[in-house]
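Asker: Shown below is the structure under consideration.
The values are calculated or read from the model by the stated rules, or taken from the named source; none is laboratory data. Only a predicted model underlies this, so the values are computations on that prediction, with no experimental measurement involved. Methodologically, a virtual Cβ is constructed for each residue, glycine included, from the backbone with ideal geometry; neighbour enumeration extends over all protein chains shown. Side chains included, ligands, DNA and RNA excluded: accessible areas come from the protein's heavy atoms. Shrake-Rupley method; radii C 1.70, N 1.55, O 1.52, S 1.80 Å.
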Amino acid sequence: MTPSQGRPLAGRRVVVTRPQAQADGLCQAIAAAGGEALCIPVMAIEAVPVSAEFAALIDALDQFHLAFFVSPNAAEHGLAAVRARRDWPSTLAVATVGKGSERALHALGFERVIAPDTGFDSEAVLALPEFSAAAVAGKRIIIFRGNGGRDLLGDTLAQRGAAVSYAACYARRVPTEGAASLLAEADRTDALILTSSEGVSNLMTMLGAQMSQLARIPVFAPHPRICARATAAGFARVVETAPGDAGVVAGLASYFLGGCRNA
């Protein structure tokens, strides 16, 4: 194995924009490939008080057939809220999207987690047999998520005959810090990782007119929707990677081993 193959990101500085609690695994993978990872979140995650509506949903969990968690944050904060009031119903199936969320649910004690093997988005979930019209018609499904978010999954399940309820168990906000660090590190940054479309929007809010100072940095994103948002935001080079931490790191390695350099 040559040095470049063993440490393909040697000498590369990579900014990871995930929330701090979800960034460690990716930062470690970048370091293992020889790179220097710097976590500067463009999204802050906060627990929210359990509202009366959310409490009522928790108390009625025995009446649901399936619980869907949209992210590791939903798993962490949603289950914390549930377990503070009651035990998880033994008959309530659990589903999610993405390997990170699947791992989080396994770590929280669920052996059986319904999740797509590929795709890692709402479209991939909806293609699973467990989410077909025949499977969900007449069933009650609860979706644990943050404030807002995409409604494609819930809307489509409702169209397929399911009764869908949303449990908002955490809040996302634009960080009040980080903009100065992003600008200060811009000239020394070889790559910027963006893992959500909302993160791209938050970045634009954080930097405003100074966004152009980051435009030369190659952006790496694991979904075409995020790539399109980053391109629209003004980034000159946007690289779509495979999903997951391994996919992002492989995309970085392929790009830099191919001789690419920042302009």
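Asker: Evaluate the stretch 203-219: report whether one residue or more is in contact (Cβ under 8 Å) with a residue 12 or more places away in the chain and within 14 Å of the chain's Cα centre (by Cα).
Answerer: no
Asker: Related question: Which members of the stretch 86-106 meet the condition of being of a type in the set (A, V, I, L, M) and modelled with pLDDT of 95 or more? Step through it out loud before you land on a result.
Answerer: Pass one, the stretch 86-106, residues of a type in the set (A, V, I, L, M): 92-95, 97, 104-105.
Passing the criteria: L92, A93, V94, A95, L105.
Asker: Take the conditions out of contact with any helix residue (DSSP H, G or I) (no Cβ under 8 Å at 6 or more places or on another chain), within 24 Å of N73 (Cα to Cα) and in contact (Cβ under 8 Å) with a residue 60 or more places away in the chain and apply them to E177. Does it pass?
Answerer: Criteria not met by E177.
Asker: Let me confirm something: among R150, R83, which residue is closer than 30 Å to D24 by Cα, at pLDDT 95 or above and basic (K, R)? Steps first, please.
Answerer: Numbers: R150 fails: at pLDDT 95 or above.
Sole residue among the options that is closer than 30 Å to D24 by Cα, at pLDDT 95 or above and basic (K, R): R83.
Asker: Continuing with the same structure: Go through (1) surrounded by fewer than 17 Cβ atoms within 10 Å (Cβ to Cβ); (2) touching an Asp or Glu at 6+ places or on another chain (Cβ under 6 Å); (3) more than 30 Å from A81 (Cβ to Cβ) and name the single condition A29 misses.
Answerer: Only one criterion is unmet by A29, namely (1).
Asker: Now for a different question. Scan the stretch 3-40 for residues that are touching a strand residue (DSSP E or B) at 6+ places or on another chain (Cβ under 7 Å) and either part of a strand (DSSP E or B) or on the phi > 0 side of the Ramachandran plot (or both) and jot them down.
Answerer: R13, V14, V15, V16, E36, A37, L38, C39
Asker: Within the stretch 3-21, track down each residue that is at pLDDT 85 or above, under 22 Å from the mean Cα position of the chain (by Cα) and open to solvent by 40 Å² or more (accessible area, probe 1.4 Å).
Answerer: If the condition is that a residue be at pLDDT 85 or above, under 22 Å from the mean Cα position of the chain (by Cα) and open to solvent by 40 Å² or more (accessible area, probe 1.4 Å), then R18, Q20 are the ones that fit.
Asker: All but one of (1) closer than 24 Å to T189 by Cβ; (2) hydrophobic (A, V, I, L, M, F, W, C); (3) under 16 Å from the mean Cα position of the chain (by Cα) hold for F69; which doesn't?
Answerer: All conditions pass for F69, except number (1).
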